Amino acid sequence: MKIVLIGYGNVGWHLSRFLKMYFDQLEIVTNNPIDTDNFTFRTDIPQDADIYIITRQEKYVAETSKNISAENAIVVHTSGTLSANVLDDHKHYGVLYPLQTFRKSKPLSIANINFAVESSDKYTLDTLKFICESIHQNYVIVDSEQRLALHTTGVLVSNFSNFLYVLAYNLLDKYNLSHEIIKPLIRETTDRLELYHPSEVQTGPAVRGDIEIIKKHLDFLQNVSTEAAEIYEILSKAIIKYYKK
């Protein structure tokens, strides 16, 4: 099976490493190859592949797919939100969405990625399942709405939580406190998810309804970070409302 990976950003960089271990015929289409990476790079899209995986930004996916004329090839993208139907000019199309946060500077273990698979037909589905199973990845078969739900939850648990870390680190910096002090708390909070539903282990003044402490925190934050104060207030109100159900 010949695979062409189109795009070499964060997602393409990681996928290339996973695929290369199990598929010898792998080519990467990019205008920005990395000389030290041992792959076959090219700037044009070959027309003899069995499957094309487009990892470029969403706004470029439809345009990129129009440059693929291989009649019976499978064409997929890796977006969490873009409709699979942008590829419906092709006979076989779908989505191979990796639910993970990627940075080129931090290689990930294969075991730490789950794929959401969406397909136009059984042949495409079987092929995507074969790829996932070949590289020992967990995967789930989804429709477009389920994939959007997964992407949205990814933003909630990764992007938003990371920004809270940003605010927390800035606060520690302001008071000359080491980031290391808070890391065990972060680890313990996430480790609990292995054993409990998060709703079962919510702690803090909001879940207790401790308005006095919440007000003290808000008064403190108003003087050091109005941005953090606004988020603190919104989340506290949401927690209080949730646990009053």
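Any read-out appearing in this document is the output of simple, stated calculations on the displayed coordinates, not a laboratory observation. Predicted model only: the values in this text are computed from it and were never measured. Every residue, glycine as well, gets a Cβ built from its backbone with ideal geometry; the counts of neighbours run over all protein chains shown.
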Seminar exercise, completed: Sparse-neighbourhood loop hits (trypsin sites (Lys or Arg not before Pro), region 22-77; DSSP loop; Cβ within 10 Å at most 16 others) -> Lys66
For this session: Using only Cα atoms, find the angle between the long axis of helix 144-154 and the longest principal axis of the chain, and express it within 0 to 90 degrees, rounded to the nearest 10.
Result: 40 degrees
Problem set entry | the chain - mean residue ellipticity at 222 nm from DSSP helices (-39,500 (n - 2.57) per run, n ≥ 4, rounded to 500) | -12500 deg cm²/dmol
For this session: Report the one residue of Thr81, Ile68, Ile54 whose Cα lies farthest in the direction of the positive end of the charge dipole of region 37-81 (charges on C-beta: Lys and Arg +1, Asp and Glu -1; origin at the Cα centre).
Result: Thr81
For this session: With only Lys, Arg, Asp and Glu charged, each at its Cβ (+1 for the first two, -1 for the last two), find how big the charge dipole of the chain is about the Cα centre; round to the nearest 20 debye.
Result: 640 debye
Exercise. Nearest 10 degrees, 0 to 90: what angle lies between the long axis of helix 211-224 and the longest principal axis of the chain (Cα atoms)?
Worked result: 70 degrees
Problem set entry | region 55-96, relative contact order [Cα under 8 Å, separation at least 6], % | 40 percent
For this session: Could you tell me how many degrees, from 0 to 90 and to the nearest 10, lie between the Cα long axis of helix 122-134 and the main elongation axis, the longest principal axis, of the Cα atoms of the chain?
Result: 70 degrees
For this session: Give the relative contact order (percent, whole number) for region 149-243; include only Cα pairs under 8 Å separated by 6+ residues.
Result: 21 percent
Seminar exercise, completed: Averaging 1/r across every pair of distinct alpha carbons in region 149-243 and inverting yields a Kirkwood hydrodynamic radius, in angstrom, of 14.7 Å
For this session: Just flag the chymotrypsin sites (Phe, Trp or Tyr not before Pro) in region 165-239 sitting in loop per DSSP whose Cβ has no more than 12 other Cβ atoms within 10 Å.
Result: Tyr175, Tyr196
Exercise. Where Lys and Arg each count +1 and Asp and Glu each count -1, what net charge lies around Gln222 among other residues with Cβ under 13 Å from its Cβ?
Worked result: -2
Exercise. When only Cα pairs under 8 Å and 6 or more residues apart are kept, what is the percent relative contact order across the chain?
Worked result: 12 percent
Problem set entry | Average silhouette area of region 135-203, convex hull of alpha-carbon atoms, in square nanometres | 7.0 nm²
Problem set entry | Selected from Ile231, Ile51, Ile113 as most flexible by GNM, with the chain as the system and alpha-carbon contacts under 10 Å | Ile231
Exercise. Picking from Tyr165, His217, Ile182, whose Cα lies most toward the positive end of the charge dipole for the chain (charges on Cβ: Lys, Arg +1; Asp, Glu -1)?
Worked result: His217
For this session: Divide the volume of the convex hull of the Cα atoms of region 3-142 by its number of residues and quote the answer in cubic angstrom per residue.
Result: 102 Å³
Seminar exercise, completed: Computed about the Cα centre, the charge dipole of region 21-120 from +1 Lys/Arg and -1 Asp/Glu charges at the Cβ has a magnitude in debye, to the nearest 20, of 460 debye
Seminar exercise, completed: Checked against the positive end of the charge dipole of region 7-56 (+1 on Cβ of Lys and Arg, -1 on Cβ of Asp and Glu, about the Cα centre), the farthest of Tyr22, Gly9, Asn38 is Gly9
